[in-house]
Amino acid sequence: MAIRPILTAPDPRLKQISTPVESVDDDVRALMDDMLETMYDAPGIGLAAIQVGVPKRIIVMDIAGPEEEPAPRYFVNPEILDPSEDLTVYQEGCLSVPEFYEEVERPAKCRVKFLDYDGNPQILDAEGLLATCIQHEIDHLNGVLFIDHLSRLKRDRILRKLKKEQRLAAAE
Ligand code: NI
């Protein structure tokens, strides 16, 4: 396993639409292992493959609290089915938008169809933080960041600050 560098906005690669995985083989599992290690190291609760520069429809996630046992989840080719009409608001953050947290409204519940670590088809009914996190990560597979759900004013302000920080970091 290896920790991979995480892309940060406004890196244009984050706007790419990721392609479906044809089969969950050892290469895909090795990528998922790296992604999980990268996510734990960051630390974060979810990571999409495009965030480490791989445009494939793969997500890893672990929403267990700090006092709980680790509970890694793997989603290959995830699809949202039946998003609920009732909405919920969470304060979201993202490893590709470091240090910024904003409220985003999304369907409170959804069903997710995906392939697991072994390539077996699964269906999961998600609500609460799990539902929000899955929707946030699937957005990444479609080239969408949580800041794309904000007003243009807020989004531009965040992107300006991120660009400034990247300039300063590059100058060091
Ligand atoms: Ni994210």
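The values are calculated or read from the model by the stated rules, or taken from the named source; none is laboratory data. What you are looking at is a predicted structure, and each value in this text was computed from that prediction instead of being measured. Methodologically, a virtual Cβ is constructed for each residue, glycine included, from the backbone with ideal geometry; neighbour enumeration extends over all protein chains shown. Note: accessible area is taken over every heavy atom of the protein model, side chains too, but ligands, DNA and RNA are not part of it. Shrake-Rupley method; radii C 1.70, N 1.55, O 1.52, S 1.80 Å.
Test A49 against the stated conditions and say whether it is in contact with a strand residue (DSSP E or B) (Cβ under 7 Å, 6 or more places away or on another chain), open to solvent by less than 50 Å² (accessible area, probe 1.4 Å) and of a type in the set (G, A, S).
Working: in contact with a strand residue (DSSP E or B) (Cβ under 7 Å, 6 or more places away or on another chain): yes; open to solvent by less than 50 Å² (accessible area, probe 1.4 Å): yes; of a type in the set (G, A, S): yes.
Yes: the conditions hold for A49.
Of everything in region 57-79 that is within 16 Å of the ligand (Cβ to nearest atom) and in contact with a strand residue (DSSP E or B) (Cβ under 6 Å, 6 or more places away or on another chain), the residue that is farthest from V24 (Cα to Cα) is M61. Per the conditions (1) modelled with pLDDT under 95; (2) part of a helix (DSSP H, G or I), the sole criterion not satisfied by A2 is (2).
Against the condition open to solvent by 20 Å² or more (accessible area, probe 1.4 Å), within 25 Å of R160 (Cα to Cα) and among the hydroxyl-bearing types (S, T, Y), how does Y40 come out, does it pass? Quick ask: steps written out before the conclusion?
Values: open to solvent by 20 Å² or more (accessible area, probe 1.4 Å): yes; within 25 Å of R160 (Cα to Cα): no; among the hydroxyl-bearing types (S, T, Y): yes.
So Y40 fails the test.
Pairing residues of region 19-36 that are under 17 Å from I138 (Cβ atoms) with residues that are open to solvent by 50 Å² or more (accessible area, probe 1.4 Å), at Cβ distances under 7 Å and at least 6 apart in sequence or on separate chains, gives T19/K56; V21/K56; M32/Y117.
Looking only at residues that are touching a helix residue (DSSP H, G or I) at 6+ places or on another chain (Cβ under 9 Å) and open to solvent by 60 Å² or more (accessible area, probe 1.4 Å) in region 138-155, which one is farthest from G46 (Cα to Cα)?
K154
Look at V24 and say whether it is more than 29 Å from E165 (Cα to Cα) and among the β-branched types (V, I, T). Before you say what the answer is, go through the steps one by one.
Details: more than 29 Å from E165 (Cα to Cα): yes; among the β-branched types (V, I, T): yes.
When the stated conditions are applied, V24 passes them.
Please enumerate the residues belonging to region 11-26 that are in a loop (DSSP other than H, G, I, E, B), surrounded by fewer than 17 Cβ atoms within 10 Å (Cβ to Cβ) and not hydroxyl-bearing (S, T, Y).
D11, Q16, I17, P20, E22, D25
Only one of the numbered conditions (1) at pLDDT 95 or above; (2) open to solvent by 60 Å² or more (accessible area, probe 1.4 Å); (3) not aromatic (F, W, Y) is violated by E68, and that is (1).
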